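All remarks here apply to the structure that follows.
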Amino acid sequence: MVIFRYLGIMWHASRQRSLLFFALLVLSSLTEGIGLVLLVPLLGTLQEVQSQPTGIVAYIIEGLTFVGVPITLTGLLGAFLALNLLRAVIVYFQTLVSERFRLEVLDGLRTRSFDAILESRWDWVVAQKRSDLSSLLITEVNRIGGALVQSVRLIISLISIGVYVVVAFTLSPVMAAIATVLGGLIFFLMRHQHQVAHRHGMLLSQANKNVQQTVEEGLSGLKLVKILRSENRSSAMMKAIRAKLRGRTLQFAKLNAAMGLIFQIAIALVLVAMLYTGIEVLELELPVLLILIVIFARLSPQIRLVQTQINGLQHTEAVMDNYHDLTREAGKVSEPVLQGNDCEPITLGKSIKLSNVSYSYKTRDARSLNDVSLEIPFRKTTAIMGTSGAGKSTLADILMGLLAPETGTVSVDGHALDAESRLNWRKSVAYMPQDVFLFHDTIRNNLLWADQSASEDDLEAALKKASAEFVYALPEGIETIVGDAGQRLSGGEKQRIALARALLQKPQLLILDEATSALDLANEARIREMIETLHAELTVVIIGHRLPALENADQLIVLESGTVKASGTWESVVQELPSD
Ligand SMILES: Nc1ncnc2c1ncn2[C@@H]1O[C@H](COP(=O)(O)OP(=O)(O)OP(=O)(O)O)[C@@H](O)[C@H]1O
Ligand SMILES: [Mg+2]
């Protein structure tokens, strides 16, 4: 049963809190049960002929007399009031405890899935659908949170049903037995509906995901859609996908309503049968009959609640499966980065060497790098050239230790990188891609990602080296917020800030992957100049299409279809190349 999985999550999160929560739950139900039974002698005082209390009523009267409560109307009312006050206080604490617990459990789930993705290997991340990950982290975790509330409510309902049934049994075993058997029968007959609900849950979950994906794509492709004047198409796509979601949601609502209908009818039949038996066959006393009716009246909405809760839970079981599968999958390919955050960066002294490195992406059969061997010498500038799709960016990812080669080795100063040292090496490399990423934050905070402890002077020096002094001329200077992914800045401005961030990292190796593509000639020249001045301090790899940008490199490597076509000094390679 799915409820046990949710209970398992809670139990796993904190045994102490789970126990506290259940203790409070049992206490509140117990006070309610005793309160109900108290009504029997209370109503009994109305009768002229006082009947001798039996069973549980007798015990409770004995207990009351023991603590000195007189068995009069006032005494009983006082006890009833005290009991209800006690219950109100218990319920108050129970609500607080369960809400705090739920939020903790939910945060735990969120953290677990986000950390699992953070720690997972890059090759796994690039093979995932982006919207699957975001819907896991946002929508699905929220739905699991909702289901946690439902399972808590379900338990509350189940416990109070239990208490009602026990009280009913002590008052009239025959009546209680009839009600239990008939109630159980109804529940059993509606069991099939729960499976239907589960299936609906999966469909609904899929529809939700599609909506999420369409929204995300619609937003990131908004500029394209506007340029293509395809607003109609985008709107129609959104409408269609929403219509599907609406249909599925409605179907689920219909299923629930139909179950409600059947249930109401069944309950009315049971009530009639019970009243008839109680009055005609068993000839029960009025107070007992009244309390049984009260119990039954309270019981039936609870049972209905249990039904809908179970339905809702079945509904989220698919979501939960998905959550666990994805988190587990991410966990299987994890790099233990969160524990060893204070790793020592590796210093470079001689060279980085690739020996017979091959790599292919999971979603593609052909090799993106094929038997690549090369050497990047210390404090020299190496240019990597090649046509689009030649494997340059893949090579960069391997060089910086983001991807592990499928075969072959990457070694730094003669030490081959393994899973662990690859993580340390990554810390020593700064990478500047063509489409740089900036956080929606101030320029200062974007820079501080590279080095938390950088001083004002460090920031200024890095910005200056990266030709990004324009930052200080902005109205809010270095405190300017760059917008979502830096969209309030021009491409070239973003690149220069990202370069400053890369320099602030004080890397052993700086990789520029077509990093100056968005710059005008003047700024590109300045950056080239900067690289020239860094020449003596830093090992640089420049990736590009355009020859002029690579002209001053000490070494030129030409990639073609994943293999090294030529390498050597600029002059020697250019002579070999066809002149185009
Ligand atoms: N995430 C990925 N999944 C599958 N295939 C990929 C992935 N990334 C790159 N490829 C493929 O690997 C090959 C090399 O790609 P890579 O990005 O390294 O080329 P590149 O030389 O950097 O090209 P460009 O100059 O266009 O940036 C290409 O055929 C590309 O289609
Ligand atoms: Mg590339």
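The values are calculated or read from the model by the stated rules, or taken from the named source; none is laboratory data. The structure displayed is predicted, hence computed values, not measured ones. When we count neighbours, we look across all protein chains shown, and the Cβ atoms used for this are built from the backbone with ideal geometry, even at glycine.
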When the stretch 465-492 is checked residue by residue, the ones that are under 18 Å from residue 432 (Cβ atoms), under 33 Å from the mean Cα position of the chain (by Cα) and not hydrophobic (A, V, I, L, M, F, W, C) are 486, 490, 491
The condition of being under 22 Å from residue 394 (Cα atoms), assigned to a helix (DSSP H, G or I) and either touching a helix residue (DSSP H, G or I) at 6+ places or on another chain (Cβ under 9 Å) or not polar (S, T, N, Q) (or both) holds, among 498, 525, 485, 553, only for 498
For residue 372, the lone unmet condition from (1) surrounded by fewer than 22 Cβ atoms within 10 Å (Cβ to Cβ); (2) within 16 Å of ligand 1 (Cβ to nearest atom); (3) of a type in the set (Val, Ile, Thr) is (1)
Scanning the stretch 432-470 residue by residue, those touching a residue at least 40 places away in the same chain (Cβ under 8 Å), within 21 Å of residue 529 (Cβ to Cβ) and in contact with an Asp or Glu (Cβ under 8 Å, 6 or more places away or on another chain) turn out to be 432, 434, 458
*Assess whether residue 401 counts as being under 20 Å from residue 513 (Cβ atoms) and either away from ligand 1 (no atom under 12 Å from the Cβ) or free of Cβ contacts under 8 Å to residues at least 12 places away in the same chain (or both).*
yes
Contact list, first residue from the stretch 185-198 and outside the structural domain of residue 266 (by the TED database) and modelled with pLDDT under 75, second anywhere and surrounded by 12 or more Cβ atoms within 10 Å (Cβ to Cβ) and of a type in the set (A, V, I, L, M, F, W, C), beta-carbon distance below 7 Å, six or more apart or interchain, is none
Those residues of the stretch 111-127 which are more than 18 Å from residue 419 (Cα to Cα) and within 15 Å of ligand 1 (Cβ to nearest atom) amount to 126, 127
Across the stretch 521-567, the tally of residues that are closer than 21 Å to residue 379 by Cα and among the polar types (S, T, N, Q) stands at 5
**Prompt:** What about residue 525, is it more than 27 Å from residue 445 (Cα to Cα), crowded, with 20+ Cβ neighbours inside 10 Å and more than 16 Å from ligand 2 (Cβ to nearest atom)?
**Reply:** no
Test: residue 438 is closer than 24 Å to residue 395 by Cβ, under 37 Å from the mean Cα position of the chain (by Cα), surrounded by 15 or more Cβ atoms within 10 Å (Cβ to Cβ) and away from ligand 1 (no atom under 16 Å from the Cβ) = no
Residue pairs within 6 Å by beta carbon, gap of at least six or interchain, first lying in the stretch 311-338 and farther than 12 Å from residue 5 by Cβ, second crowded, with 17+ Cβ neighbours inside 10 Å and among the β-branched types (Val, Ile, Thr), listed first then second, are 330/117
Scanning the stretch 79-94 residue by residue, those free of Cβ contacts under 8 Å to residues at least 40 places away in the same chain and farther than 12 Å from residue 24 by Cα turn out to be 81, 82, 85
Considering only helices (runs of 4 or more DSSP H) wholly within the stretch 60-175, the ones with at least 2 residues that are modelled with pLDDT of 85 or more and under 17 Å from residue 9 (Cα atoms) are 73-119, 141-171
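Listed here are the residues, each with its yes/no results for (1) within 16 Å of ligand 1 (Cβ to nearest atom); (2) touching a helix residue (DSSP H, G or I) at 6+ places or on another chain (Cβ under 8 Å).
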position: 395; (1), (2): yes, no
position: 419; (1), (2): no, no
position: 423; (1), (2): no, no
position: 427; (1), (2): no, no
position: 444; (1), (2): no, yes
- Message: So for the stretch 558-573 (the condition being assigned by the TED database to the domain that holds residue 369, more than 16 Å from ligand 2 (Cβ to nearest atom), within 27 Å of residue 346 (Cα to Cα) and in a helix (DSSP H, G or I)), does at least one residue qualify?
- Response: no
Restricting the stretch 513-522 to residues that are crowded, with 16+ Cβ neighbours inside 10 Å and among the small types (Gly, Ala, Ser), the one nearest to ligand 1 (Cβ to nearest atom) turns out to be 517
Of the residues in the stretch 375-390, those that are within 13 Å of ligand 2 (Cβ to nearest atom) and surrounded by 23 or more Cβ atoms within 10 Å (Cβ to Cβ) number 2
Of the conditions (1) loosely packed, with under 14 Cβ neighbours inside 10 Å; (2) over 30 Å from residue 197 (Cβ atoms); (3) not acidic (Asp, Glu), the single one that residue 301 does not satisfy is (2)
Flagged in the stretch 248-261 as at pLDDT 85 or above and surrounded by 13 or more Cβ atoms within 10 Å (Cβ to Cβ), in numbering order, are 248, 249, 251
Consider residue 232 carefully, then state whether it is loosely packed, with under 12 Cβ neighbours inside 10 Å and not acidic (Asp, Glu).
-> yes
Those residues of the stretch 509-561 that are at pLDDT 75 or above and of a type in the set (Lys, Arg) come to a total of 2
Within the stretch 462-491, the residues that are over 17 Å from residue 440 (Cα atoms) and of a type outside the set (Asp, Glu) are 462, 463, 464, 465, 466, 467, 468, 470, 472, 473, 475
- Message: Taking the conditions exactly as written (surrounded by fewer than 17 Cβ atoms within 10 Å (Cβ to Cβ) and not charged (D, E, K, R)), does residue 31 satisfy them or not?
- Response: no
